[in-house]
Amino acid sequence: MRFLKSMVGRKVVMAVSGLVMLLFVIAHLLGNTTIFAGSDSLNSYAEKLHDLALLIWTYRPIMIAAVFLHVFFGIQLTAENYKAKPDSYAIRKSLNSTFAGRSMIWTGVLLGVFIIYHLLQFTFQVTDPAISADRNFDVFGRPDVFHMVVRTFRRSAVALVYIGSMIALAFHLSHGIQSFIQTLGLNNEKTLPFFQKYGTLVAVIISAGFISIPVVILAGILKG
Amino acid sequence: MNLTLYIWRQKGPDETGKMERHDARDVSRDMSFLEMLDVVNEGLVKNGKEPVAFDHDCREGICGMCSLVVNGVPHGRKEKTTVCQLHMRHFKDGDAIYIEPWRARAFPVIKDLIVDRSAMERIMYSGGYISVHTGGVPDGNAVLISKEDAETAMDAAECIGCGACIAACPNGSAMLFTAAKVSHLATLPQGRIEAAVRVCAMTEAMAGQGFGNCSNHYECEAVCPKGISVKFIAKLNREFMRAAFIKWKRERND
């Protein structure tokens, strides 16, 4: 597999796996917004999603592969880049690069840790079994996801972890979106500033969308 | 005007270097940056000290030899200008100026501000050419090229191979340089024939020479004295994917 050893080939893998995760994140956000319509809405969404076994078991291996490739090549490429630039300048002036771009590896590590925590909390539901949706059911006998989410985010420490992680996501995506378009060769000098600007906008919208959930719960607007 | 210079001094490739303070007195606004250094060096020689070693050749912004990082920016802050064409009128009396060599693993320091840039040459050897028969000169316009393609190829061919892109890159990547060469040749019919082989060979050589990977920061474009656009990096990426696809199809057919 020379493609997976080559400089550009590995970047293409980073771009495609990142895009797969971006599409998932958008779908995830759209699904999550059902919480604003109340407990019935979120619980029926969660139940219907679980009934689509074929969809779930198709996307799960794809997501696992995407995460693995993205993490593996992300670390490998970054390690090579550090090695290629061992000495730093006495004075360094950045002209075009952004904080988001330069901190990709660190926001990436943060998000990796967050994903593990998030899965333990809401997928495996081991962080607080007392409020687990697998054990608590709503009036229709469905797993009470709404109750679990609201009870979780009512603890401000947990909500802050989520808000912080979603800020990291905004930074990661604001470089990532424009970067995958460039890596996949879809840019010219006219589209580049467009994708840089609107990539950041999309990143901020996604992040703000996720953040709105713990904020609304902390503010006591959503009660459960 | 009077300036305080902090210059990287390093006796040889294996020595450790350090920033050294030098004072430049009575600098004329009309001097180029390199002429200012010439005057400093004359002073050093007069006092029996070792002059500062730096690369230069044409001093008119076209050869790509001069290579100084001035206050953290390769070729200095003035856009699309080599450091030999940077004039002292862009500085103020009393300024402190930090002068450092290109820094990247692939660019070992030879002495003071001079680095070994032959790694870039080795990328060129790997594919930065077209294979043609020697013999009579072909007629002009025997191969027709659209104006658009000719312009694109010329934009890429403007690269003078100075290495500022690599010096500015946080990853020490030679992507803009390689992309300019790949795009220049791939845009023209004579270079199109070997385009797939070339892009693979040149990116492989780049990695082999110890350059880093591109992560789309675009620092390179900002410091390029010829204003080479990062759109050529997108083109290199396209060329690479096309080459990989051609190779995959060929292997499947065999």
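Since every read-out is calculated from the coordinates, none of them should be taken as a lab result. These figures come from a predicted structure and were not determined experimentally. Don't worry about glycine lacking a Cβ; one is built from the backbone with ideal geometry, like all the others, and counts go over all protein chains shown.
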Say a paramagnetic label sat at a point 7 Å from the Cα of residue A:189, along Cα to Cβ; which residues of region B:217-248 have their backbone N under 20 Å from it? B:217-239
Got the relative contact order for region B:3-110 handy, in percent, Cα pairs under 8 Å and 6 or more residues apart? 32
Rg/Rg_globular for the protein assembly as shown, with Rg_globular taken as 2.2 N^0.38 Å and Rg from C-alpha atoms: 1.20
Which ³J(HN,Hα) values, rounded to whole Hz and listed in residue order, are derived for region A:194-209 from phi using the Karplus coefficients 6.51, -1.76 and 1.60 in 6.51 cos²θ - 1.76 cosθ + 1.60 with θ = phi - 60°, glycine and proline given as x? 4, 5, 5, 5, 6, x, 5, 4, 4, 4, 5, 5, 4, 4, 5, x
Mind running the shape call on region B:113-250? Use the C-alpha gyration tensor, a ≥ b ≥ c as the square roots of the eigenvalues: rounded below 1.5 for a/c, prolate if a/b tops b/c, oblate otherwise. prolate
Using R₀ = 56 Å, calculate the FRET efficiency as 1/(1 + (r/R₀)^6) where r is the Cβ-Cβ separation of residue A:130 and residue A:198; round to 0.05. 0.80
For the pair residue A:36 and residue A:75, the simple spin-label estimate (label points 7 Å beyond Cα toward Cβ) gives in nm 3.8
Percentage of Cα-Cα pair distances in chain B greater than 33 Å, rounded to whole percent? 29
Of A:83/B:11; B:111/B:247; B:147/B:226; A:197/B:78; A:5/B:111; B:111/B:226, pairs whose Cα-Cα distance is over 32 Å: B:111/B:247; A:5/B:111
Would you please state which residues of region A:123-138 a label at residue A:49 would reach in this model, taking the label point 7 Å out along Cα→Cβ and a backbone N cut-off of under 11 Å? A:123
Amide N of region A:149-172 lying under 15 Å from the label point, which is placed 7 angstrom from the Cα of residue A:216 along Cα→Cβ: A:149-151, A:153-154
Would you mind ranking B:78, B:235, B:181, B:249 so that the residue whose beta carbon has the fewest other beta carbons within 10 Å leads the list? B:249, B:78, B:235, B:181
In region B:72-176, which GluC sites (Glu not before Pro) are in a loop and have at most 13 other Cβ atoms within 10 Å, using DSSP for the loop call? B:79
Average beta carbon contacts from partner chains per residue of B:215-226, 10 Å cutoff: 6
